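To keep things clear, I will list the structure first and then write my remarks on it.
Bear in mind that the values in this text are calculations on the coordinates, not laboratory data. What you are looking at is a predicted structure, and each value in this text was computed from that prediction instead of being measured. Here the Cβ is made from the backbone with ideal geometry for all residues, glycine too, and neighbour counts use every protein chain on show.
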Amino acid sequence: MLAQYQGSCHCGKIKFSVELPPQIEVERCNCSICTKSGFLHAIVPKSKFELLSGEEHLSDYQFNTKVAHHYFCKTCGIKPFYVPRSNPDGMDINVNCLDEKPPHITIVDFDGQNWEQNAASLAHKSRE
């Protein structure tokens, strides 16, 4: 059973909704960008994500292979979601940006410093 959760950037100019089950497993990645931004990953199929407002306030940051699209708010700098390189058919939600969180969250460590060797373990997360 999925529930709808609302989220936003810090200033509220970017608002989104996402459908998640009551029990989720999220990744805490140790790569440089995730460590510095405090991102907790909940990867979902794109069909479970909806941008409600603020598209004009998004800035798209790409680096390295330029497959991932890291979306930041132009005003407050918060990264509420992005299209991950591991799941370009999905959306990766920053659980820290949800207004209310699912009742049961398990945080697992993901070795993003060795991304190439570990990315395949995330491929199933964006499937319907």
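Summary of computed values
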item	result
Residues of segment 32-43 satisfying the condition of being in contact with a strand residue (DSSP E or B) (Cβ under 9 Å, 6 or more places away or on another chain) and farther than 11 Å from Tyr82 by Cα	Ile33, Cys34, Thr35, Ser37, Gly38, Leu40
Matching residues in segment 1-28 - criterion: being touching a strand residue (DSSP E or B) at 6+ places or on another chain (Cβ under 6 Å) and among the small types (Gly, Ala, Ser)	Gly7, Ser8, Ser17
Boolean, Asn87 is of a type outside the set (A, V, I, L, M), touching a residue at least 60 places away in the same chain (Cβ under 8 Å) and in contact with a helix residue (DSSP H, G or I) (Cβ under 7 Å, 6 or more places away or on another chain)	no
Enumeration of residues in segment 37-54 that are of a type in the set (D, E, K, R) and in contact (Cβ under 8 Å) with a residue 40 or more places away in the chain	Lys46, Lys48
Strands (runs of 3 or more DSSP E) contained entirely in segment 29-128, each with at least 2 residues that are of a type in the set (A, V, I, L, M) and surrounded by fewer than 15 Cβ atoms within 10 Å (Cβ to Cβ)	104-110
